[in-house]
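The values are calculated or read from the model by the stated rules, or taken from the named source; none is laboratory data. Since this is a predicted model, take the numbers as computed values, not measurements. Reconstructed Cβ throughout: ideal geometry from the backbone, glycine too, with neighbour counts over all protein chains shown.
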Amino acid sequence: MAGLPKVSSEFGEEPVLDFPQDSAPQGFHVSVLKEGTGPAVLPGRNISVHYHGQIWNGNIFDSSFKRGEPTSFPIGVGMVIQGWDQGLVGKNVGSRVLLSIPPEKGYGVNGHPGAGIKGTDTLVFVVDIVGIS
């Protein structure tokens with residue numbers, strides 16, 4: 001999709017992002033980089049993912065890839081930021097998904113100072129959906 005970062009690496013490998021421009025595109029964007037063949041992610045299920053989180057054209061603020069193990073949490077029920085709930089529900093296990101999340105679907109106007117995220121930052125995630133339960 002034009003205007004979104006290019007991701008160099010495959011499912012299961014730590015992503016490296018190449019940003020196409022200095023400013024993020026307006027709005028919320030979801031791009032399936034690799035379509036999985038597993039079951040669909042449904043609201044209320046626990047999802048297991050590997051993810052890379054980076055501020056648009058800025059610092060990596062969190063990465064399960066760097067920790068070496070996926071993380072799990074309920075999806076589609078308000079336990080994570082809106083961009084994750086809206087961008088991952090309906091995707092299949094085995095998918096790699098790129099999310100460009102504006103502040104209103106991320107951490108809002110207050111940001112997340114502990115992670116270095118300002119209230120104006122667009123967040124970019126590469127998410128590998130590795131399982132559901």
Restricting the stretch 51-89 to residues that are of a type in the set (A, V, I, L, M, F, W, C) and assigned to a strand (DSSP E or B), the residue that is surrounded by the most Cβ atoms within 10 Å (Cβ to Cβ)
Ile55
Candidates Gly58, Gly111, Gly87, filtered to the one that is in contact with a helix residue (DSSP H, G or I) (Cβ under 9 Å, 6 or more places away or on another chain) and farther than 29 Å from Ser133 by Cα
Gly111
Are any residues in the stretch 31-50 hydrophobic (A, V, I, L, M, F, W, C), within 20 Å of Pro5 (Cα to Cα) and surrounded by fewer than 19 Cβ atoms within 10 Å (Cβ to Cβ), and if so, which ones?
Val32
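This table checks each residue for (1) touching a Gly at 6+ places or on another chain (Cβ under 9 Å); (2) at pLDDT below 95; (3) not hydroxyl-bearing (Ser, Thr, Tyr).
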position	(1), (2), (3)
Thr37	yes, no, no
Pro43	yes, no, yes
Asn46	yes, no, yes
Tyr51	no, no, no
Gln54	no, no, yes
Asn57	no, yes, yes
Condition check for Ser31: free of Cβ contacts under 8 Å to residues at least 40 places away in the same chain and under 14 Å from Val127 (Cβ atoms)
no
With Val80, Val93 as the choices, which residue is over 14 Å from the mean Cα position of the chain (by Cα) and either farther than 21 Å from Ser8 by Cβ or modelled with pLDDT under 95 (or both)?
Val93
How many residues of the stretch 30-53 are over 14 Å from Val97 (Cα atoms) and of a type in the set (S, T, N, Q)? The answer is 1
Is it the case that the stretch 103-119 has a residue that's closer than 28 Å to Gln21 by Cβ, polar (S, T, N, Q) and surrounded by 23 or more Cβ atoms within 10 Å (Cβ to Cβ)?
no
Residue count for the stretch 90-118, restricted to those that are assigned to a loop (DSSP other than H, G, I, E, B) and of a type in the set (A, V, I, L, M)
1
Unique residue being closer than 21 Å to Pro102 by Cβ, assigned to a strand (DSSP E or B) and over 12 Å from the mean Cα position of the chain (by Cα) when the list is Leu4, Leu17:
Leu17
The stretch 120-133, residues that are of a type outside the set (S, T, N, Q) and either crowded, with 19+ Cβ neighbours inside 10 Å or in contact with a Phe, Trp or Tyr (Cβ under 6 Å, 6 or more places away or on another chain) (or both):
Asp121, Leu123, Val124, Phe125, Val126, Val127, Asp128, Ile129, Val130
